[in-house]
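> Here you go, one structure.
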Amino acid sequence: MYQKGVIMSQLGVRETSGKNDGKQINAYRASVATWLNKMKPLPPWCASFVNWIYQKSDLKTKVKSARARDYFGTQFNSYDPNISIGRVPQFGDAAGYYFGNKVIRHIGIVYEWNPDPKVVMCRIYEGNTSGKSLTGVVCREGDGVYLKWRNKKLVKRITPIHKLIRK
């Protein structure tokens, strides 16, 4: 269903000038809508990246959006993994982060999540993040695609991948 090869093929993609630009970044945005690449300044691309990954994995999703928050909600059975301890995020699930006002403004894809509560770190695959940021900081204005170690407490919403797929 969901191939790690698609994910791993994008590791190392970087913006050309650090301003949300570059040939592959444009391809991510175009997977949602070509007009996104005509905006000035160019918009953030984390959600477009997730959309591109799902498309290239041949997943027909219910969401096609450049806004991270559109991948989360009750209609998708999204949940807070820090409260719903019995629900363990799986590879491919959408992971959302808050910024400021408790609105999802950054998204990644769960790569690895150990269900043991003593293990506080997880691995999230993200676009438009930074390789420089510390594990306790989520950087929304990044420069590329990275596989990040994150503290589980930073992940505020999870949407199971099977809830995003159209039947």
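> How much mean residue ellipticity at 222 nm does the chain get from its helices, if each DSSP H run of length 4 or more adds -39500 (n - 2.57) and you divide by all residues, to the nearest 500 deg cm²/dmol?
Calculated from helices alone, the mean residue ellipticity at 222 nm is -4500 deg cm²/dmol.
> Another question, if that's okay. With θ set to phi - 60° and the Karplus curve 6.51 cos²θ - 1.76 cosθ + 1.60, what are the ³J(HN,Hα) couplings of the stretch 112-117 in order, to the nearest whole Hz, using x for Gly and Pro?
8, 9, 7, x, 5, x
> In degrees between 0 and 90, to the nearest 10, how far off the longest principal axis of the chain does helix 46-56 point, with axes built from Cα atoms?
The two axes meet at around 90 degrees.
> Can I ask one more? Placing +1 at every Lys and Arg Cβ and -1 at every Asp and Glu Cβ, with all other atoms neutral, what dipole size does the chain have around its Cα centre, in debye to the nearest 20?
360
> If you average 1/r over all unlike Cα pairs in the chain and invert the result, what Kirkwood radius do you get in angstrom?
On the way: mean 1/r = 0.0634 Å⁻¹.
Computed over Cα pairs of the chain, the Kirkwood hydrodynamic radius comes out at 15.8 Å.
> Expressed as a whole percentage, what fraction of the accessible surface of the chain belongs to carbon and sulfur atoms when a 1.4 Å probe is rolled over the protein heavy atoms?
Carbon plus sulfur share of accessible area: 54 percent.
> Tell me, what HN-Hα J-couplings in whole Hz come from the Karplus equation 6.51 cos²θ - 1.76 cosθ + 1.60 at θ = phi - 60° for each residue of the stretch 87-96, using x for Gly and Pro?
9, 9, x, 10, 3, x, 5, 7, 10, x
> For the stretch 63-78, just list the computed ³J(HN,Hα) in residue order, Karplus coefficients 6.51, -1.76 and 1.60, θ = phi - 60°, integers in Hz, with x standing in for Gly and Pro.
With coefficients 6.51, -1.76 and 1.60, one gets 10, 9, 9, 9, 9, 4, 5, 5, 8, 10, x, 5, 5, 10, 6, 5 Hz.
> Have a look at Ser57, Gln90, Val119 and report the one farthest towards the positive end of the charge dipole of the stretch 54-130, computed about the Cα centre with Cβ charges (Lys/Arg +1, Asp/Glu -1).
So the residue we want is Ser57.
> With only Lys, Arg, Asp and Glu charged, each at its Cβ (+1 for the first two, -1 for the last two), find how big the charge dipole of the stretch 18-68 is about the Cα centre; round to the nearest 20 debye. It would help to have the intermediate numbers written out before the result.
Numbers: 10 positive and 2 negative charges, 27 e Å.
Rounded to the nearest 20 debye, it is 140 debye.
> I would also like to ask the following. What number results when the radius of gyration of the stretch 15-103, computed over Cα atoms, is divided by 2.2 N^0.38 Å?
Normalised by 2.2 N^0.38 Å, the Cα Rg of the stretch 15-103 equals 1.20.
> Further question on the same structure: For the stretch 73-118, report the % of Cα-Cα distances exceeding 18 Å.
That fraction is 31 percent.
> In addition: Let me cross-check Leu147: its accessible surface, 1.4 Å probe, with only protein heavy atoms counted, in Å² to the nearest 10?
Here the accessible area works out near 40 Å².
> Per residue, how much accessible area does the stretch 45-86 have with a 1.4 Å probe, in Å²?
46
> On to the next question. Which whole-percent values make up P(r) of the stretch 1-45 when all C-alpha to C-alpha distances are grouped in 5 Å steps starting at zero?
Calculated P(r), rounded to whole percents: 5, 21, 29, 19, 16, 8, 3, 0.
> Pick from Gln24, Gln90, Gln75: which is most flexible by mean-square fluctuation in a GNM of the chain where alpha carbon atoms under 10 Å apart are linked?
Its mean-square fluctuation being the largest, the pick is Gln75.
> Taking H placed 1.01 Å from N in the peptide plane, check which residues at least 5 places from Arg157 or on another chain put their amide H under 5 Å from its amide H.
Here Gly96 satisfy the definition.
> Between Ala33, Ala47, Ala68, find the one with the highest GNM mean-square fluctuation for the chain; connect C-alpha pairs within less than 10 Å.
Sorting by GNM fluctuation, first place goes to Ala33.
The values are calculated or read from the model by the stated rules, or taken from the named source; none is laboratory data. Quick caveat, the model's predicted, so the values are computed rather than measured. Cβ sites come from the backbone with ideal geometry, for glycine too, and all protein chains shown count toward neighbours. What goes into the accessible areas is simple: the full protein's heavy atoms, side chains included, and nothing from ligands, DNA or RNA. Shrake-Rupley method; radii C 1.70, N 1.55, O 1.52, S 1.80 Å.
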